[in-house]
Amino acid sequence: MHATVEEELFYPAARDVLEKDEDLVDEATVEHASAKDLIAQIQSMEPSDELYDAKVTVLGEYIDHHVKEEEDEMFPRFAKPSLT
């Protein structure tokens, strides 16, 4: 649900605002696709399957990276300027 909201609402608005830095939105879109692919792979596996643990670990790393990039690079560009 989180990814859908970002992809359908936030990213189109971000693309309009970040004109020069659209690559941030492109990267985020690719990261979502990669995470969705890994999630589908994990869901089709059993925990005892080869590479299951590795895929779960990599998914966690993807998500951590994605969140950090959004919080550190993308979201600050949308902060309202201080009124004081």
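The values are calculated or read from the model by the stated rules, or taken from the named source; none is laboratory data. Predicted model, so just to flag it, every value in this text is computed and none were measured. So basically every Cβ, Gly included, is an ideal-geometry build from the backbone, and we count neighbours across all protein chains shown. Ligands, DNA and RNA are stripped out before the accessible areas are found, and what is left, the full protein with its side chains, is counted by its heavy atoms. Shrake-Rupley method; radii C 1.70, N 1.55, O 1.52, S 1.80 Å.
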Task: Dipole magnitude of the chain, debye to nearest 20 (Cβ charges: Lys/Arg +1, Asp/Glu -1, about Cα centre) - done: 320
Task: Rounded accessible area per residue of the chain, 1.4 Å, Å² - done: 74
- [ ] With θ set to phi - 60°, apply the Karplus curve 6.51 cos²θ - 1.76 cosθ + 1.60 along segment 62-75 and write out the HN-Hα couplings as whole Hz, x wherever there is a Gly or Pro.
- [x] 4, 5, 4, 4, 4, 5, 4, 4, 5, 5, 8, 10, 8, 4
Task: In Hz, Karplus ³J(HN,Hα) per residue of segment 44-58 (6.51, -1.76, 1.60; θ = phi - 60°; x = Gly, Pro) - done: 8, 10, 9, x, 7, 5, 4, 6, 4, 4, 4, 5, 5, 4, 5
Task: Listed residues S48, S34, L9: farthest to the positive end of the dipole of the chain (Cβ charges) - done: L9
- [ ] May I ask you to derive the relative contact order of the chain, considering only C-alpha pairs under 8 Å and at least 6 residues apart, and to give it as an integer percent?
- [x] 23
TODO: Send over the Kirkwood Rh of the chain, from the inverse of the averaged 1/r over different Cα pairs, rounded to one decimal Å.
DONE: 14.4
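Sequence gap of 8 or more, or different chains, plus Cα separation below 24 Å: how many lysine pairs satisfy both in the chain?
Taking the Cα cut-off of 24 Å, the pair count is 6.
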Task: Helix-derived mean residue ellipticity, 222 nm - over the chain, DSSP H n ≥ 4, -39500 (n - 2.57), to 500 - done: -19000 deg cm²/dmol
